[in-house]
Amino acid sequence: MPAWWNGRDLRAMLPRLFLVHFNDTSLIAEDRGALVGFLVGFLSSSRPDEGYIHFVGVHPAYRRQGLARELYARFFRLCRRSGCSRVRACTSPVNRASIDFHRRMRFTLEAGDGEDHGVPVTLDYNRPGDAKVLFLKRLEAGRG
């Protein structure tokens with residue numbers, strides 16, 4: 001995975017518990033048996049009307065071909081079938097590609113308690129110094 005993110009080692013974002021407990025709401029994309037993309041998501045047990053996208057990755061050779069859009073669309077359908085009307089996600093403020101992608105997917109950026117280059121951020125989200133951009137998408141019946 002580090003090669004997918006220019007050497008950034010994000011494997012800690014994907015502990016085994018996500019693969020064990022959320023495998024029925026997570027998606028993978030393969031090409032000839034090779035992993036080329038994934039979406040790890042879950043339905044919130046605390047907020048029954050919400051789904052959450054935890055982590056998404058697309059192999060660099062498969063980007064800009066609609067694969068991430070398709071993974072999101074499938075997750076949205078799964079959420080709607082389960083009675084969810086909203087999907088949440090977050091990213092680091094340095095991940096401008098992710099922010100732009102979520103905007104194109106019609107997520108709204110939620111207000112935070114800070115700002116980074118004109119983008120609202122929630123400071124100290126997981127720990128001190130860990131700002132996140134929070135996203136919300138309201139699902140329309142039958143649409144992504």
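What to note about this one:
- Cβ separations smaller than 8 Å between residues 6+ apart or across chains give the following pairs from the stretch 97-109 residues that are surrounded by 12 or more Cβ atoms within 10 Å (Cβ to Cβ) to residues that are of a type in the set (Gly, Ala, Ser) and not in a loop (DSSP other than H, G, I, E, B): 101/68; 102/89; 107/89.
- Of note, residue 25 does not satisfy the criterion of being of a type in the set (Ser, Thr, Tyr) and within 29 Å of residue 117 (Cα to Cα).
- Residue pairs whose Cβ atoms lie under 9 Å apart, sitting 6 or more positions apart in sequence or on different chains, and linking a residue in the stretch 118-144 that is within 15 Å of residue 72 (Cα to Cα) to a partner that is surrounded by fewer than 11 Cβ atoms within 10 Å (Cβ to Cβ) and modelled with pLDDT of 95 or more, do not occur here.
- Test result for residue 72, of a type in the set (Phe, Trp, Tyr) and in a loop (DSSP other than H, G, I, E, B): no
- Among the residues of the stretch 20-41, those that are in a strand (DSSP E or B) and not hydrophobic (A, V, I, L, M, F, W, C) comprise 30, 31, 37, 41.
- First in the stretch 2-31 and polar (S, T, N, Q), second anywhere and at pLDDT below 85, Cβ under 9 Å, 6 or more apart: 26/18; 26/19
- Within the stretch 31-56, the residues that satisfy the criterion of being under 12 Å from the mean Cα position of the chain (by Cα) and aliphatic (A, V, I, L, M) are 39, 40, 53, 56.
- Filtering the stretch 45-62 to residues that are acidic (Asp, Glu) and in a loop (DSSP other than H, G, I, E, B) leaves only 49.
- Of all the numbered requirements in (1) crowded, with 16+ Cβ neighbours inside 10 Å; (2) assigned to a helix (DSSP H, G or I), residue 77 misses one, and that requirement is (1).
- Among (1) within 20 Å of residue 28 (Cα to Cα); (2) in a helix (DSSP H, G or I); (3) out of contact with any strand residue (DSSP E or B) (no Cβ under 6 Å at 6 or more places or on another chain) - the single one residue 97 does not satisfy: (1)
The values are calculated or read from the model by the stated rules, or taken from the named source; none is laboratory data. Quick caveat, the model's predicted, so the values are computed rather than measured. Every residue, glycine among them, receives a Cβ derived from its backbone with ideal geometry; neighbour counts consider all protein chains shown.
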